[in-house]
DNA sequence: TATGAATGAGCTTTCATTCAT
DNA sequence: TATGAATGAAAGCTCATTCAT
């Protein structure tokens, strides 16, 4: 499986570099060097730098989604599912900083193609239907699910940035507080 | 005032382009063309591309802060001040989409200099002391102000993106709902 | 005489800068700033940067020649005249380092025009005829005057460089020695 | 040896152009064109234009030194060694006009780095110790070797210029005369 | 299949020259 | 007459992409 190995190594190297220096700030030969492959090799696996960033975006997006869904106790209460979701996201981000940073940084980047955008859309849908259902059950507020989503997701993203900047301490108590704050925001 | 005129035109052009395509994605000649000046002219007003982005960052940051502070009813209740803050930010962003997008996109960019970072710090402090004081008065939650800040600010940023993407409708009712959701998140 | 004043100031500024940084290394606006005139003003007095360097070359060349000729005891012995010449050149160079350096550095520069080259030629002629005459008188060697000229002039130029570099000490004894060495080289 | 081939072609092209037009007067794309390589290729072999000129300076300096030393009859009389030195230099210069002109033109250029300067220093030392030793043996004049060096070297440089300008004819007799003139200058 | 040397378009920046004032 | 802001061509340099090996 030498081939896939190489492909993954390129994606891994690109992930770290794009997260740290951005898409335009990262030269393809640099990715090649970090992946320990020849510069030309990248073009055997990816048509162009844009294709590379798109395939990477999809891979990482899928990884987060799977990470969250795998842990989700779909049979439990909405509150319990919210807890799981919150902790999954935080957990994933802390263990995969580059991945999370990369995804946030490239959200809606002009070089993302239709497929990447569609995947993003589908991901959002999962959360939206959850919030639509809990609203119907009068558990969460009778507010457009998109609004609640924006609040929860936006808050989490910012929270993580503050944690990484050292402005918010990373401990169980703080995480529980943050989770409660967000639940209070959305619950009826 | 031909001189200021040109300087402002460059900053305005850079604002629109940096917001849309990012710093590295925007070539200086492109800014020049948009500002309808020669490429060399930009360097009469700004030492380098990095200086340009920094001066732009400061100009825009100051504009938002002033916009918010000017309207803030400091003598009124914290709830009233929160309302003013929320509406000021939303109002500013909607009328200055490029400015808001640019500031968000360049938050903590590696090419921001000490002065720009210091200004950012001072801005954040304003919000943090407000939340620290209301917490002391047992109006907002006894949670680190940085956490509440992250929630409120992160939520607002995301909300605006969703509005611009057309996923959240822009009407008084929705805005009031969003504001209430956030206030419930932070209030005791 | 405000006009000539300005012209001279431009030439003076250009002399110092061209000597220090070379022709291509000196920007016209820099000359303007050093001369305390507007950049456009230079073009009122000189058609182009090349014209400026040519007129400067001529002015400085004439200055050295006049300096040397003024002191030359044409009625005295060739040896005395040689002494005067040697000391005049050294004296001029030490008091006008920029001028001397500039002239040496621009000797045969591709942007020197016909007039500048012709002046150079005429200058050389003065020395050549002196050496031709002394050769005829069997005072200096029966060698092509161009060869003796090359030796004397080349040696002096190099000597001055070594003095300015601090490799050769600048005192009467050393100067006398150097002069004797050169006279022995040319004398029969 | 495709690699060395290209590197050498770049150095050769740069040598000709720098000798003719100077460092600042020669654009990198011009060197590329003359070397028949792409402009970017130059930067695969040389970090910067300054690095290129330094590596070129060292290559050429070493070539002259080796050329001279290889022929030097170290066991013979000082006069014989002087003869060898004189003819070696003249021979090298005539066969490598660009190299000689380049080295003279870039002597002490502000963009030469420490290594280049050190090499220059070492080169000069060789000549200085020769003159110091012959002075001790009362063969050359009891004059600072730096002065004699300046005379000999300056004279040779100038002589070559005059030869190339066609002012001094290039024949055995003339060369012998010039050599004698210089030996008389330095000998006791 | 994999490479990395080579490329040239395009980047940021400089500067000789012009021209409205 | 004198200015200096403005310019755009061209500088040094980078990098996405190709292609001979």
Check: In region A:153-170, what residues are facing chain B (nearest Cβ under 7 Å) and farther than 16 Å from residue B:155 by Cα?
Finding: A:167, A:168
Note to self: Just to be sure before I move on: is residue C:141 touching a strand residue (DSSP E or B) at 6+ places or on another chain (Cβ under 8 Å) and facing chain D (nearest Cβ under 8 Å) in the structure I sent?
What the structure shows: yes
Notebook entry, point to check: Filter region D:29-47 for residues that are surrounded by fewer than 18 Cβ atoms within 10 Å (Cβ to Cβ) and more than 8 Å from DNA strand E (Cβ to nearest atom); which is farthest from the other protein chains (Cβ to nearest Cβ)?
Noted result: D:33
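Considering only region D:74-87, I want to know if a residue exists there that is more than 14 Å from chain C (Cβ to nearest Cβ), modelled with pLDDT of 95 or more, touching a strand residue (DSSP E or B) at 6+ places or on another chain (Cβ under 9 Å) and away from DNA strand F (no atom under 13 Å from the Cβ).
Yes, region D:74-87 contains a residue that is more than 14 Å from chain C (Cβ to nearest Cβ), modelled with pLDDT of 95 or more, touching a strand residue (DSSP E or B) at 6+ places or on another chain (Cβ under 9 Å) and away from DNA strand F (no atom under 13 Å from the Cβ).
Of the residues that make up region C:48-65, is at least one away from chain D (no Cβ under 14 Å), within 11 Å of DNA strand E (Cβ to nearest atom), over 15 Å from the mean Cα position of the chain (by Cα) and crowded, with 17+ Cβ neighbours inside 10 Å?
Yes, the conditions are met somewhere in region C:48-65.
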Margin query: Can you tell me which residue is nearest to residue A:107 (Cα to Cα) among those in region A:19-28 that are within 12 Å of DNA strand E (Cβ to nearest atom) and either within 12 Å of another protein chain (Cβ to nearest Cβ) or surrounded by fewer than 15 Cβ atoms within 10 Å (Cβ to Cβ) (or both)?
Written below: A:24
Check: Considering region A:94-108 alone, what residues qualify as being buried (at least 17 other Cβ atoms within 10 Å of the Cβ) and within 13 Å of chain B (Cβ to nearest Cβ)?
Finding: A:101, A:106
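In this structure, does residue A:179 turn out to be within 10 Å of chain B (Cβ to nearest Cβ) and either crowded, with 18+ Cβ neighbours inside 10 Å or part of a helix (DSSP H, G or I) (or both)? Steps first, please.
On the way: within 10 Å of chain B (Cβ to nearest Cβ): no; either crowded, with 18+ Cβ neighbours inside 10 Å or part of a helix (DSSP H, G or I) (or both): yes.
No: the conditions fail for residue A:179.
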Note to self: One residue is enough: does region B:114-129 have a residue meeting the conditions farther than 30 Å from residue A:121 by Cβ and touching a strand residue (DSSP E or B) at 6+ places or on another chain (Cβ under 9 Å)?
What the structure shows: no
Item checked: The lone exception for residue D:62 - which of (1) assigned to a helix (DSSP H, G or I); (2) within 10 Å of DNA strand F (Cβ to nearest atom) it fails -> (2)
Margin query: Six or more apart or on different chains, Cβ atoms under 6 Å: show the pairs whose first residue is in region D:50-66 and on the phi > 0 side of the Ramachandran plot and whose second is assigned to a helix (DSSP H, G or I).
Written below: none
Check: Tally time: how many residues in region D:20-54 are assigned to a helix (DSSP H, G or I) and away from DNA strand F (no atom under 13 Å from the Cβ)?
Finding: 2
Item checked: Qualifying positions in region B:136-173 - part of a helix (DSSP H, G or I) and within 21 Å of residue B:80 (Cβ to Cβ) -> B:136, B:145, B:148, B:149, B:151, B:152, B:153, B:155, B:156, B:159, B:172, B:173
Item checked: Residue in region A:154-165 that is surrounded by fewer than 16 Cβ atoms within 10 Å (Cβ to Cβ) and within 14 Å of residue B:167 (Cβ to Cβ) present -> no
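To keep it simple, each residue is scored yes or no on (1) surrounded by 15 or more Cβ atoms within 10 Å (Cβ to Cβ); (2) within 9 Å of another protein chain (Cβ to nearest Cβ); (3) without any contact (Cβ under 8 Å) to a residue 12 or more places away in the chain; (4) farther than 30 Å from residue B:25 by Cα.
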| residue | (1), (2), (3), (4) |
| --- | --- |
| A:110 | no, yes, yes, no |
| A:113 | no, no, no, no |
| A:121 | no, no, yes, no |
| A:136 | no, no, yes, yes |
| A:151 | yes, yes, no, no |
| A:172 | no, no, yes, yes |
Checklist line | Which numbered condition residue D:74 fails, given (1) surrounded by fewer than 17 Cβ atoms within 10 Å (Cβ to Cβ); (2) within 14 Å of DNA strand E (Cβ to nearest atom) | finding: (2)
Checklist line | Search result, residues across region B:1-18 that are under 27 Å from residue A:106 (Cα atoms) and either more than 13 Å from chain A (Cβ to nearest Cβ) or in contact with a strand residue (DSSP E or B) (Cβ under 8 Å, 6 or more places away or on another chain) (or both) | finding: B:10, B:11, B:12, B:13, B:14, B:15, B:16
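The values are calculated or read from the model by the stated rules, or taken from the named source; none is laboratory data. The structure presented is a predicted model; accordingly, all values stated were derived computationally and were not measured. So basically every Cβ, Gly included, is an ideal-geometry build from the backbone, and we count neighbours across all protein chains shown.
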